[in-house]
Amino acid sequence: MTPTVTAYDVTMRVRYSGESTTAEGWIELDGERSDFQVEASATDRGATYTIGEGQFWWSEVPWLDSWFEEVWMAAASRVGYELDDPLDFDAQMRSEQEELG
């Protein structure tokens, strides 16, 4: 069964016109909280995810990669990032549950 991200609080840093992304914070997978980090670059053509003590290449956790892409796109949209006019940005992304709690 594929885990589900049930809550999160992630600080994201996007540089070099979207070519490099780092993120850190925590996520809850099916209610269990773990430290979370991401390092992604277009040069490497992918991302490395660290959840707690485990480290995974994006292709090993496609469900997580898809979730993080959605969070990345939401952050980019919030700051006005567009492919035609790329910019560097920092964003704090929290789940709705965290914002309300």
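The values are calculated or read from the model by the stated rules, or taken from the named source; none is laboratory data. Small disclaimer: the values here were computed from a predicted structure and weren't measured. Note: ideal-geometry Cβ built from the backbone for every residue, glycine included; neighbour counts use all protein chains shown.
Summary of computed values
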item: Residue count for segment 32-49, restricted to those that are basic (K, R) and in contact with a strand residue (DSSP E or B) (Cβ under 6 Å, 6 or more places away or on another chain); result: 1
item: Residue list for segment 8-21, restricted to those being in contact with a strand residue (DSSP E or B) (Cβ under 7 Å, 6 or more places away or on another chain) and surrounded by 15 or more Cβ atoms within 10 Å (Cβ to Cβ); result: Y8, D9, V10, M12, V14, S20, T21
item: Unique residue being under 19 Å from P3 (Cα atoms), in contact (Cβ under 8 Å) with a residue 60 or more places away in the chain and of a type outside the set (G, A, S) when the list is W26, W63, W57; result: W63
item: Residue in segment 1-11 that is farthest from E70 (Cα to Cα), counting only those that are outside any strand (DSSP E or B) and out of contact with any Phe, Trp or Tyr (no Cβ under 8 Å at 6 or more places or on another chain); result: M1
item: Residue list for segment 12-30, filter: modelled with pLDDT of 90 or more and assigned to a loop (DSSP other than H, G, I, E, B); result: D30
item: Residues of segment 33-52 classified as modelled with pLDDT under 95 and over 21 Å from A91 (Cα atoms), total; result: 3
item: Extreme residue, farthest from D9 (Cα to Cα), among residues of segment 44-101 that are hydroxyl-bearing (S, T, Y) and assigned to a helix (DSSP H, G or I); result: S59
item: Of all residues in segment 22-31 being under 14 Å from the mean Cα position of the chain (by Cα) and of a type in the set (D, E), the one that is surrounded by the fewest Cβ atoms within 10 Å (Cβ to Cβ); result: E24
item: Complete set of residues in segment 79-96 that are modelled with pLDDT under 90 and exposed (fewer than 12 other Cβ atoms within 10 Å of the Cβ); result: G80, E82, L83, D84, D85, E96
item: Some residue of segment 32-51 being in contact with a helix residue (DSSP H, G or I) (Cβ under 8 Å, 6 or more places away or on another chain) and surrounded by fewer than 16 Cβ atoms within 10 Å (Cβ to Cβ); result: yes
